[in-house]
Amino acid sequence: MDILSMLCVLVLSIGLVYSMFKKHALITIIYLVSILSIELVAIFGKVNLFLFSVSYYIHLFYLGYYILVHLFRRKKRNFLYLSLLFIIPMLLSLGFNKEISSYQSYDRLLYILCIIILLIATLFRYFDGKLFLSNTHITIFLTILFYFGIDFIIALTTNYLINEHLNLVGWIWLFRAFCLLMFYAALVNLAWKTGKTL
C-alpha cells in the first residue's frame, strides 16, 4: 500500500512539474498542488479521515470547472456560486465527524455522485453530437468514471472498512489505492491534453 501511495505522489508530482513547465492554467496547477499536498499529509499524518471530505470537494471543484465552464461553456460566476453551496456538506462533515468509530462520509458520497452525473452528462452530450471529444478524452473520462463508480461503492461502506480488522478489508483498500493511482494518471493525462486552454 505504501508503494501505491508513493506512486500516486510520483504521478501527481510529474503532472505538476509538467503543468508548471508548460505554463498550464493556474487552476490546474492549484488543483495538482492541493491533491499532492493531501496525498503527502495522508502518508505522513496519523488520522486522515477528514482528508476524504476535503479531497473530494477539490475533485468536484476541478472536474466541475473543467466540465461546466470549459466544455459546457457555463458562466464562471454561476459555477462559483454552486461551488460555495457545495462547501456546506464538507463543513458539516468536518464539524460532526469527531470519532473514528462513528465516521460517515455522506459528503463524499454526494461529491462522488455529482462527479458521476457530470461525467455521464458529458458522455451523453458527446454521443448526441453536441460536444466534440477526442478518443483520448473519452478514454480519460471513462477511466475517471470507473474510479468514481468504484469509489462510490466503497464510500457506502467506509465506516465498516475503517473499523474492521485490516486482514479482512485490506484488499479493498489496496484495490482502491490502485484505482486511485489510475485516476491520478488519467487526471495528469487530461492536464497534458488540455494544456493552457483550461
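Do you know the relative contact order of the chain, to the nearest whole percent, from alpha carbon pairs under 8 angstrom that are 6+ apart?
Working: 168 pairs, mean separation 67.6, N = 198.
With pairs under 8 Å counted, the relative contact order is 34 percent.
Explain nothing, just compute: Karplus ³J(HN,Hα) = 6.51 cos²θ - 1.76 cosθ + 1.60, θ = phi - 60°, for every residue of region 108-114 in order, whole Hz, x for Gly and Pro.
Result, ordered by residue: 4, 4, 4, 5, 4, 4, 4 Hz.
On a 0 to 90 degree scale, rounded to 10, what angle separates helix 76-85 from the longest Cα axis of the chain?
Roughly 10 degrees between the two axes.
With angles folded into 0 to 90 degrees, how steeply does helix 26-44 sit against the dominant principal axis of the chain? Use alpha carbons for both and round to 10.
So the helix axis and the longest Cα principal axis differ by about 10 degrees.
Among Leu26, Val41, Met6, whose Cα projects farthest towards the positive end of the dipole of the chain, with charges put on the beta-carbon of Lys, Arg (+1) and Asp, Glu (-1)?
Result: Leu26, furthest along the dipole toward the positive end.
Counting only helical runs of four or more DSSP H residues, what would the 222 nm mean residue ellipticity of the chain come to if each run contributes -39,500 (n - 2.57) and the total is spread over all its residues? List each step's numbers first, then the result.
Values: 9 runs with 153 residues, N = 198.
Dividing the helical sum by the residues of the chain leaves -26000 deg cm²/dmol.
How would you classify region 1-99 from its alpha-carbon gyration tensor, with a ≥ b ≥ c the square roots of the eigenvalues: rounded for a/c under 1.5, else prolate if a/b is greater than b/c, otherwise oblate?
Numbers: a/c = 2.92, a/b = 1.10, b/c = 2.65.
Oblate, since a/c reaches 1.5 and b/c is not below a/b.
Values quoted throughout were computed directly from the atomic coordinates according to the rules given, and no laboratory measurement underlies them. Here the structure is a predicted model, which means the values were calculated and not measured. Quick reminder, even Gly has a Cβ in these numbers, built from the backbone with ideal geometry, and neighbours come from all protein chains shown.
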